Structure formats: structure tokens, C-alpha cells
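Here the structure is laid out as C-alpha cells; the discussion comes afterwards.
The values are calculated or read from the model by the stated rules, or taken from the named source; none is laboratory data. Computed from a prediction, not measured in an experiment: that's the story for all the values here. Every residue, glycine as well, gets a Cβ built from its backbone with ideal geometry; the counts of neighbours run over all protein chains shown.
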Amino acid sequence: MGINNFEKMGSKKHLIKTDCRYYKGSTPCLFHKQSGLICESCNHYAPLNGRILIIKLGAAGDVIRTTPLLRKLKENYPDYEISWLTCFSDFLSPKWVDNILELNLSNTLWLTEQKFDWVINLDKDKEAVALTRKLTASKKSGYTMNDFGKCIPISSNAEKHKWLTGLNDNISRANTKNYMEEIFEICGYKFNKENYVLELDGKQDWKSIDKSKKIVGLNCGCGERWVSRLWPEKNWIELSKILKEKGYEVILLGGPQEDKKNKEIAKKSGIKYLGFFPFKTFFSLVGECDIVITQVSMAMHIAIALNKKLVLLNNIFNKNEFYLYGNGNIAEPELECLGCYKPRQDKNCPVESCMDLITVEKIYNMVQGF
């Protein structure tokens, strides 16, 4: 892959091993900065025998639940450099990804001048498929772009997983495989319950949380696109009061979009709301919880990644898509029209709020079951 360059400086030749995993090209490597080591005598030399690029831009939860793929790639290609292009770089660990790349013009230009052994694009967005088509690689998996500027699958595995299910709601509702099974098969692998990869920074000390009690985190939001998946606020308030009365330490989780709502729930129920935080701090807060109750959201995937007990409230998605690693339960309304994928309930819906059919009693009983 790389070339060991000899650069003459004065009368001395310096060996620079440009194929090393730790070589940066413009700044000293980690081990030179830490210990003053130089290439000629460094025992950390790790030659790269190949390069893999993953393109998974978003959404936030999808980036997190794509990380199990890293475990399989590291197992099969331990001496390959792995790069990942994303919109959520805070979610990825440099222990697992050599080059964590934010989607921007600079990184896009850099990538188009590279040669990869394998490009894995698991996004169907126009930026992702256009870049996949342009990149030079010995092998490509996932999705690319046709001459009309539209997304097309690269292989039959990509066609049956996430492409057809994204075009036809009936096919999507009939799907029996979870997301990890699908993306693993797109890459030619079998999913063997590989865990998510999400690391905490360990800097937070949540002194205001009573850790002598079992801690339940309530994530009451879900973003703006699919508001039909929201459990009514009155239900969150009622559940909060019951959990607090039964001796649980109950805290509210959420981002800036949920701030107003969480303050109202905290005021009416008497439970704790500590505010909203940057991603890494939010990961830490979820890490304090023993149990997380949430709709389909980023918080759901963080809870799964951190091996928390989970109660998942779902209505509009196919529940087979979610794999909880044996740590949770899925609560759904008893209706035949589940998996409608409607961002908002409309006048044709059989009930005013199908999520309201999931009772507080049902959720509390699931909590009690842990």
C-alpha cells in the first residue's frame, strides 16, 4: 500500500514509513509526541494492507446501530485502515475508526482522490450515492447512483435489504429481519449478535441523581419528522408519578427540542429534569440509567449500545427492524395497521391517537418485569 520514503536532510537520511497506521503526513505521530520515537526505531509500526470506507451519514440513531459492523470488519481485516464519512462524528470512536470524517467539501475532495479496497455505502441520500459512484475502489457494496441521478442498489443483497423496503411499504411491513441483519448481509456477512460500539468519556459525575435507587430514564421526544410515534404527554406525567411513588429515581432525557416539554412534565410530576446536553454528556446521562423508556429515537439506540434495560414504544415502524439484544420489550397498540410509516396521523386513521392505546399500566408492568 504505502512506500517507505527516505528523505535526505543534510548528510543524514530519515526513514519515514508512510504505510504505517499512525503516519499522519503533516504532523508528528502519536508515539513521537508521547515518547520521542522515530520511524527507524519505533516498535509501534503497523503497516496497512488495505483501506475500507464506510459511508453512513445519518440519521443519528442509524449511525449508532451501524457500529456493530465495525466489529466484523476489525475481525476480518485487522490490518486495514477504516474510514467513516458521517454527519455525526461524535458517535464514533478513534479506537475503531482510523479516519472519522465529517461530511464537508474538504473531506469530499480528499476522498475523491483516494483509492480504496472496499467502499460500503449504506445511505441512499444523493450526496452518498453520488460520492460512491465517483470513488475509486476494488469493491463496492450498498448503494450508488444511476445516470438519472437516482439511488440504485449495487448488488442483489442491497436490493432486497433497505432498497425495496424503502420503496414499498407492503414489502417493508413483511420484512422479518432486523437492521443489523440487513446491513451485514449487504456486506456479505451473517449477523451474530455483535454489539454496538459506543464509548463514554467518563468525565461526568451526576451528583444530583440518587444512585441508591433503581434509575429510570424517560425519553419523551422523537424529533420532528415522525411525530405520530409520540406517546401523549399526559401518559408520561402519569407514569412518572407512579414510578416516583414506587421508589424509583426518575429522570427525564432529551435534547433542546424536548426542553419545554420536559420542564412541564417535571413540574407536574415532581421528577428530575437536569437539562439538555452535548452528545457525549447525554451518552453519560443515559449511562446512569438502569432502565430507559422511549419511543423510537436516538436515545433508544444509545440505551441499546450501553446495555440498558429498555421499554420501547412503537407504532408506525415494523418492530422486526429493532433488535434489543434480549434487554427489552416492545409495547405497541393493538391495531392491524401497525407499520403505517405515517409521519403524522391523518383523518383516515381508525383512532385519534394510536399511541394512546398503549396504557400506562402496560408500561409500568414492563418496568416491573426487569
Among (1) surrounded by 19 or more Cβ atoms within 10 Å (Cβ to Cβ); (2) assigned to a loop (DSSP other than H, G, I, E, B) - the single one LYS203 does not satisfy: (1)
Tabulated pairs, region 72-98, first at negative phi, second outside any loop (DSSP other than H, G, I, E, B) and exposed (fewer than 12 other Cβ atoms within 10 Å of the Cβ), C-beta under 6 angstrom, 6+ apart or interchain: none
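So that you can scan it fast, the table gives a plain yes or no per residue for (1) among the basic types (Lys, Arg); (2) under 19 Å from ILE52 (Cα atoms):
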position	(1), (2)
LEU111	no, yes
ASN121	no, yes
VAL129	no, yes
LEU135	no, yes
LYS140	yes, yes
ASN146	no, no
GLY166	no, no
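Against the condition under 25 Å from the mean Cα position of the chain (by Cα), assigned to a loop (DSSP other than H, G, I, E, B) and crowded, with 17+ Cβ neighbours inside 10 Å, how does GLY221 come out, does it pass? Full working, then the answer.
Details: under 25 Å from the mean Cα position of the chain (by Cα): yes; assigned to a loop (DSSP other than H, G, I, E, B): yes; crowded, with 17+ Cβ neighbours inside 10 Å: yes.
Criteria met by GLY221.
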Filter result for the condition that a residue is at pLDDT 95 or above and either surrounded by fewer than 20 Cβ atoms within 10 Å (Cβ to Cβ) or in the same structural domain as ASP123 (by TED's automatic domain parsing) (or both), over GLU40, GLU81: GLU81
Residue within region 251-271 that is at pLDDT 95 or above, surrounded by fewer than 19 Cβ atoms within 10 Å (Cβ to Cβ) and in a strand (DSSP E or B) present: no
Matching option when the condition is touching a residue at least 24 places away in the same chain (Cβ under 8 Å) and either touching a strand residue (DSSP E or B) at 6+ places or on another chain (Cβ under 8 Å) or among the basic types (Lys, Arg) (or both), among ASN107, ASN121: ASN121
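Assess whether LYS134 counts as being without any contact (Cβ under 8 Å) to a residue 24 or more places away in the chain, more than 19 Å from the chain's Cα centre (by Cα) and surrounded by fewer than 19 Cβ atoms within 10 Å (Cβ to Cβ).
Details: without any contact (Cβ under 8 Å) to a residue 24 or more places away in the chain: yes; more than 19 Å from the chain's Cα centre (by Cα): yes; surrounded by fewer than 19 Cβ atoms within 10 Å (Cβ to Cβ): yes.
Here the answer is yes, as LYS134 does meet what is asked.
Only one of ASN168, ASN178 is assigned by TED's automatic domain parsing to the domain that holds LYS56 and either under 25 Å from ASN365 (Cα atoms) or in contact (Cβ under 8 Å) with a residue 12 or more places away in the chain (or both); which?
Unique residue meeting the criteria: ASN178.
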